[in-house]
1. What is the residue count in the stretch 138-154 for residues that are closer than 18 Å to residue 75 by Cα and either among the acidic types (Asp, Glu) or touching a Lys or Arg at 6+ places or on another chain (Cβ under 6 Å) (or both)?
2. Considering only the stretch 56-65, I want to know if a residue exists there that is touching a residue at least 12 places away in the same chain (Cβ under 8 Å), under 21 Å from residue 122 (Cβ atoms) and not in a helix (DSSP H, G or I).
3. For residue 111, which of the numbered conditions (1) closer than 25 Å to residue 152 by Cα; (2) exposed (fewer than 13 other Cβ atoms within 10 Å of the Cβ); (3) in the same structural domain as residue 17 (by the TED database); (4) not small (Gly, Ala, Ser) fails to hold?
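The values are calculated or read from the model by the stated rules, or taken from the named source; none is laboratory data. Remember, predicted model here, so these are calculated numbers, not experimental data. Note that each Cβ is placed from the backbone with ideal geometry, even for glycine, and that neighbours are counted across all protein chains shown.
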Amino acid sequence: MLSAIEIEKITHELQQVPVKKAACIEALKIVQQERRWVSDESVADIAAMLEMSTAEVDSVATFYNLIFRQPVGRHVILLCDSISCYVMGYTVLRQRLHEILLIGYGQTTADERFTLLPNACLGTCDHAPALMIDDDLYRDIQPADLEQILEKYH
Ligand code: FES
């Protein structure tokens, strides 16, 4: 069931758009802000509120790779695995992250602090290799920088 805050925020979004469907991605983001991820139940609740089918809402959620359909940690690390980053040291960064966090792709640390995911180009190829943690973009990363970067996130 959507919370009162989620319903209030989604209702506000609905007032900004010409048709209810147009608020779909914002509604997904609102639920994710509150819960870190969007469950099947939340997809169904959003669908009911926006007069869409659950399959339609699910397809929007699936299209946007920053909507998480499974539980994630408090911080999500997106490591770019596209060509420029690959050439500039992606493999070493990935290995170092695995060593520090003791998790692989798609996994969350035991303390729920981090989830590690691969990501297509982050749009900063001239400063490869790159990764994002939540909304923060890190560029020109050296493996030795990783621990200091991760320390900022609790
Ligand atoms: S290839 Fe990594 S930012 Fe473009």
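1. Here the count works out to 4.
2. Yes, the stretch 56-65 has at least one match.
3. Failing condition for residue 111: (3).
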